[in-house]
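Structure first, then comments.
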Amino acid sequence: MADLKLVNIKKIYDKNVVSVQDFNLEIRDKEFLVLVGPSGCGKTTTLRMIAGLEEITEGDLFIGDKRVNDVPPKDRDIAMVFQNYALYPHMNVYNNMAFGLKLRKFKKDEIKKRVDNATKILGLEDLLSRKPKALSGGQRQRVALGRAIVRDAEVFLMDEPLSNLDAKLRVQMRAEIQKLHSRLQTTTIYVTHDQTEAMTMATRLVVMKDGLIQQVGAPKEVYDKPNNIFVGGFIGSPAMNFLNGKLEEDYFVMEATRVRVPEGKMKSLREQGYAGKTIVLGIRPEDVLEGPVVNDSPDTKIRASIEVSELMGAEIVLYSKVNNQDFVARVDSSCNVVAGETIDFAFNLEKAHFFDEESELRINTN
Amino acid sequence: MINQLRKIYPSLLVYKEGCDHLDRAYKWFVTDDNKIIGIREEELTCKDVALLVTFLNPYTTDLPVLTVEEQKWRKVIQMAELSPTSEFKLENPYRLIYFSFKENQISPILFKDAINELFAKQVSILWENGHEGIIIEEQMMYEECISYEQIIDVLMSDLYVKIKFFVGSFKEELKDINQHYQSLTKAAKTIFSYSNKTVVTYIDAVPYLLIDQTELEARLDISKTVLQDYINDEETLKMIEAFVQCNLNISETSKVLYMHRNSLQYRLDRFLEKTGIDVRQFHHAMAVYLALIARK
């Protein structure tokens, strides 16, 4: 088991393309840390720098107490799982798991001991003699995990390991990886572009964009207090609504529509000099309310026509517009609304966020 | 020739197949008829070595010993023109795949062992040096296909090394193989100086290879003329490059860039207004794509 420390890490590719910069992070022993962000944000590059597959242009990387910038990947005591869960097509499951150890000249009985252990952990006992073409996608991915487990490494690095699986299997494997982590307690760094995967699996999240860390925190913390508009919009599905408006007196005003800002938040905004200024209101779809509760909130009531209504099972997602700005509401499926209808909504502004229009940073109003 | 050389260098020996390793006390060479010969280093001066490499190919001891099949391929590739009496018989279509990995990270023997486990039949590998070479892959009828992207991931997790592949097209005859081998090796080095991708096919490489053939001035002129005021606008150019890579598909591009499709449409409209180039049209997109490569 090991702690990792990344200090002022920077990666510049040829032709001066900066891929990652100012990356400072301490990863605790046994932690399940998820690097999440859109394509091109630098998350895979960061993982590969930790693995040693990409050189670190500037900064220091420590595994335990040892600076490992110049340590070859094979000597870093890591195991990797990648997006392509391809296996050696002509080897059976046992040999697929054993092959990495054979290449490293491990003794036969040690190889057997380790493969047996991984087999038990992953429940692969009945599949050992099968070749990859006789395995399902999920089984192949479990074998790929087995190939990592037999390394008995201090750190697991996983790069989008579930993104080639179909949606149902992805959910199943997500739970299996979590179980595996709680059993093995190996420090794990996991890369994904899927915010749901990140939210459900992480002990801590690192949200990245354009090579920079946007926020580090526990999933709930990042969801409840996003540092900026990007994080607010990236984490959560459906995404947070962002509405532009002006703070006038005690109201957030969007042309003809206005909603009253709770006293405490308004006081804080005023103290920070936002009165009379244009700011961005961020409100999550579940905080846009519908039904009888709307009548209890006359100050935050808005009337809008529904453009699209999507039944998701237990809830309905309603797409609408207020003063030409799109917004989404997530309401209970008992709400009987169809596209084309006009209804009243109320914004639960106690749970809303305000962002500076220019810097896009969250304004602290708590 | 071997007997004549042995008169000068009595330690000379010919490598016999089946022996695992080449003695490191010897300097090893490959003769024209693909025999591997070794001469004890203490018997050689610098001048001797310089002279010997004018008619023998040096052979690195860290490299796997050539199999009979590999020797045949090497011979046929080294021929300037394929002799009609050549005993080499092509059984299946083949393609050449250039590979490279970071120097001194893994042993070529381990690499070869791992590569061979990925194919139904043992593949031939001709090494340029300890970290680059050409894989000769024969097309097998019923073999389960595994892509080179997948191969990279499998090998990276076992060998802990970053590998690059430049994948040639399948060929059904040996004619011009010498030229093909040379141009593929050269093209691979060119393409990886432009692209960060780890697997590039010959088809993907064509625009890069064409641009690389042009003079620097012509490249500058193309990029300036096409990209105009946007030549230093990294954000817009990155967006257009992604749009081209997503087959001019707005929805796909907006997903990849995490950008609202309306914002993307708006920015493409702005680009059209300012430059007169509509990247939604294939021929305009192609021109911009070439200009983007020329700018690199």
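Read-outs throughout are calculated quantities, based only on the coordinates presented, and are distinct from any laboratory measurement. Just so it is clear, the structure is predicted and the values come from calculations on it, not from any experiment. When we count neighbours, we look across all protein chains shown, and the Cβ atoms used for this are built from the backbone with ideal geometry, even at glycine.
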Checklist outcome for this item: Whole-Hz Karplus couplings 3J(HN,Hα) for segment A:347-356, θ = phi - 60° and coefficients 6.51, -1.76, 1.60, Gly and Pro as x, run 8, 7, 6, 4, 9, 7, 10, 10, 10, 5
Checklist entry - Over segment A:241-363, one equal point on each Cα, no solvent: what is log10 I(q)/I(0) by the Debye formula at q = 0.14, 0.19 Å⁻¹? => result -0.58, -1.00
Checklist entry - Rg to Rh ratio, segment A:125-227, alpha-carbon atoms and Kirkwood radius? => result 1.01
Next on the checklist: What distance in nm lies between label points placed 7 Å from Cα along the C-beta direction at A:Glu221 and B:Arg267?
Outcome noted: 3.2
Checklist entry - About its Cα centre, how strong a charge dipole does segment B:2-59 have in debye, to the nearest 20, once Lys and Arg get +1 and Asp and Glu get -1 at the Cβ? => result 140
Checklist outcome for this item: Against the 2.2 N^0.38 Å rule of thumb, the C-alpha Rg of segment A:46-134 sits at a ratio of 1.33
Checklist entry - Picking from B:Asn232, A:Pro219, A:Thr257, whose Cα lies most toward the positive end of the charge dipole for the protein assembly as shown (charges on Cβ: Lys, Arg +1; Asp, Glu -1)? => result A:Pro219
Checklist entry - Among the aspartates and glutamates, which fall within straight-line cross-link reach of B:Lys89, defined as a Cα-Cα distance under 20 Å, with same-chain neighbours fewer than 8 residues apart omitted? => result B:Asp32, B:Asp33, B:Glu69, B:Glu70, B:Glu81, B:Glu137, B:Glu138, B:Glu172, B:Glu173, B:Asp176
Checklist entry - What distance in nm separates the simple spin-label points at B:Asn196 and B:Asp48, each placed 7 Å from Cα in the Cβ direction? => result 5.0
Checklist entry - In segment A:91-150, which trypsin sites (Lys or Arg not before Pro) are in a loop and have at most 14 other Cβ atoms within 10 Å, using DSSP for the loop call? => result A:Arg104, A:Lys105, A:Lys107
Checklist entry - How much FRET efficiency would the formula 1/(1 + (r/R0)^6) give for B:Thr225 and B:Ser11, where r is the Cβ-Cβ distance and R0 is 56 Å, rounded to 0.05? => result 0.30
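Of all the Cα-Cα pairs you can form in segment B:68-211, what percent are over 21 Å apart?
I get 43 percent for the Cα pairs in segment B:68-211 exceeding 21 Å.
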Checklist entry - Equivalent-ellipsoid semi-axes (√(5λ), Cα gyration tensor) for segment B:216-295, whole Å, largest first? => result 21, 12, 11
Item to check | Dimensionless Rg over Rh [segment A:271-335; C-alpha; Kirkwood] | outcome: 1.04
Checklist entry - Charges only on Cβ, +1 for Lys and Arg, -1 for Asp and Glu: so what's the dipole of the protein assembly as shown about the Cα centre, in debye to the nearest 20? => result 1520
Checklist entry - Given labels modelled 7 Å from the Cα in the Cβ direction, how far is it in nm from B:Glu173 to A:Ser129? => result 4.9
Next on the checklist: Using DSSP H assignments, which helices in chain A have an axial alpha-carbon span of 15 Å or above and a mean Kyte-Doolittle hydropathy of -0.5 or higher?
Outcome noted: A:93-103, A:137-149
Next on the checklist: Based on DSSP loop calls and a cut-off of at most 16 other Cβ atoms within 10 Å, the longest stretch of chain B free of exposed GluC sites (Glu not before Pro) is what?
Outcome noted: B:216-296
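Ratio of alpha-carbon Rg to the 2.2 N^0.38 Å globular estimate for segment A:4-234, to two decimals, please.
1.03
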Checklist entry - Please identify the chymotrypsin sites (Phe, Trp or Tyr not before Pro) of segment B:83-191 that satisfy two criteria: DSSP loop assignment and at most 16 other Cβ atoms within 10 Å. Which are they? => result B:Phe88, B:Tyr142, B:Phe170
Next on the checklist: Just to be sure I follow: if Rg is taken over the C-alpha atoms of chain B and Rh is the Kirkwood radius over the same atoms, what is Rg/Rh?
Outcome noted: 1.08
Item to check | Candidates per GluC sites (Glu not before Pro) in segment A:1-88, loop by DSSP, up to 16 other Cβ within 10 Å | outcome: A:Glu55
Item to check | In Å, descending, principal axis extents of the Cα set of segment B:2-59 | outcome: 32, 23, 19
Checklist entry - Can you give the translational diffusion coefficient of the protein assembly as shown in µm²/s, computed by Stokes-Einstein from the Kirkwood radius over Cα pairs at 20 °C and 1.002 mPa s? => result 74
Checklist entry - Can you sort B:His283, A:His353, A:His181 so the residue with the fewest Cβ neighbours within 10 Å comes first? => result B:His283, A:His181, A:His353
Checklist entry - Mind checking the dipole of segment A:280-366: about its Cα centre, +1 per Lys or Arg Cβ, -1 per Asp or Glu Cβ, Debye to the nearest 20? => result 100
